[in-house]
Amino acid sequence: MKNFKDSFLLICLLGITSTCFLTASTYAQGTMKFDTEKHNFGELAEGVMVSYEFEFVNTGNKAIKISKVTASCGCTTPYWSKEAIQPGKKGKIKATYNTTGRPGNFNKSITVNSNATNKLVVLFISGKVNRKKKTYKDISNGSAKAAPKLFMRNKIKHFGMTENRLTLRQAFEIRNTGNAPLKIEKLVSECKCTVANLKQNVVPPGGRVMLELMFTPTKAEPIQESFYVYTNDAKSPRTIITLSADVYENFSRTLFRRGDTTLLLER
């Protein structure tokens, strides 16, 4: 009888230990805590490269692995910690901005994707680039060859909270600030979840065209889409438009088919 009681007690202890281990494993997750998520460079001279390092600490209880870091434009180059960041350790996201040919105010974003609790973190760099004074050589070279130049005031759209598989629409204005026709040669959706509507693919000098994007998330999670616009702009042949949303599943609605008819039930 005593042996039976001892065996029963041992089984109970093992069960409790296993449950605690599974619970701890289930809730183990890293968390990225940045010192700051914004940096302003102030006033800069055109033609310089500037960099800033965003530092973060893993305040969670599991290693963090950064899967992707995306800049909102080709003028910003991100670098990041490739190794896993253990709990209590620090990691870095370095953003380098090229001011050449980009006078005026700027506000660029760097989106960080990881396996942390805050899976998607958006960092910002900003500042003002003072225009470089043109020399006679610059003016001569500029007039010698006509070239198109793509300009977009806005290339980022965050839709906030949205329902899974709900199509979201956003229009972006593309301008040609150059002195030759701008040809939009190719439009590419990274996730194949965005459809484009473009009425014309050739923009005359000084002209503009509206690009409408229809973004349909297919997963109930924070999502970011990079949409690529390829043109004959020799200096910036690829322009990136960033779409993002916090997507959730709406279980109050159910879709099912009966014959050729799709029915929507509201619970």
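Just so it is clear, none of the values below were taken in a lab; they were calculated from the coordinates. Treat the numbers as computed from the prediction; the structure is a model and nothing was measured. Glycine also receives a Cβ, built like all others from the backbone with ideal geometry; neighbour counts cover every protein chain displayed.
The modelled label-to-label distance between Ser51 and Asn179, using points 7 Å beyond Cα along the C-beta direction, is 3.7 nm. Scanning residues 5 or more positions from Glu225 or on other chains, those with amide H under 5 Å from its amide H are Leu243, Ser244, with H placed 1.01 Å from N in the peptide plane.
With all distinct Cα pairs included, what does the Kirkwood hydrodynamic radius of segment 64-206 come out to in Å, to one decimal, could you say?
Working: mean 1/r = 0.0535 Å⁻¹.
It works out to 18.7 Å.
Taking 7 Å steps out from each Cα toward its Cβ at Asn154 and Thr100 produces label points 3.1 nm apart.
Sorting 120-129, 68-77 by average packing, meaning the other beta carbons within 10 Å per residue, from highest down gives 120-129, 68-77. In this structure, Asn232 and Lys90 have a Cβ-Cβ separation that, at R0 = 41 Å, corresponds to a calculated FRET efficiency of about 0.40. The length gained on full extension between Thr77 and Ala196, counted as 0.36 nm times the residue separation minus their Cα-Cα distance, comes to 40.2 nm. The charge dipole of segment 46-156, taken about the Cα centre with unit charges on the Cβ atoms of Lys, Arg (+1) and Asp, Glu (-1), comes to about 280 debye, rounded to the nearest 20. Each residue of segment 92-101 is assigned a 3J(HN,Hα), and the resulting list reads 9, 10, 9, 10, 10, 10, 9, 8, 4, x Hz, derived from the Karplus form 6.51 cos²θ - 1.76 cosθ + 1.60 (θ = phi - 60°), x at Gly and Pro.
Electrostatic bookkeeping for Ser72 treats Lys and Arg as +1 and Asp and Glu as -1; over the other residues with beta carbon under 11 Å from its beta carbon, the sum is +3. Residues whose amide H comes within less than 5 Å of that of Gly30, counting only those at least five positions distant or on another chain, are Asn61, Lys62, Thr117 (H built at 1.01 Å from N in the peptide plane). Contact order for segment 100-222, expressed relative to its length and based on alpha carbon pairs under 8 Å spaced 6+ residues apart, stands at 22 percent.
Scoring 238-247, 199-208 by mean Cβ neighbours within 10 Å over their residues and listing the highest first yields 238-247, 199-208. Sequentially through segment 182-197, phi angles give Karplus couplings (6.51, -1.76, 1.60; θ = phi - 60°) of 9, 9, 8, 8, 7, 10, 10, 9, 5, 9, 6, 10, 10, 10, 9, 10 Hz, Gly and Pro residues having no value and appearing as x. Residue by residue, segment 104-118 carries 3J(HN,Hα) couplings of x, 6, 9, 8, 10, 10, 10, 9, 10, 10, 8, 9, 6, 4, 8 Hz when phi is fed to the Karplus relation 6.51 cos²θ - 1.76 cosθ + 1.60 (θ = phi - 60°); x denotes Gly or Pro.
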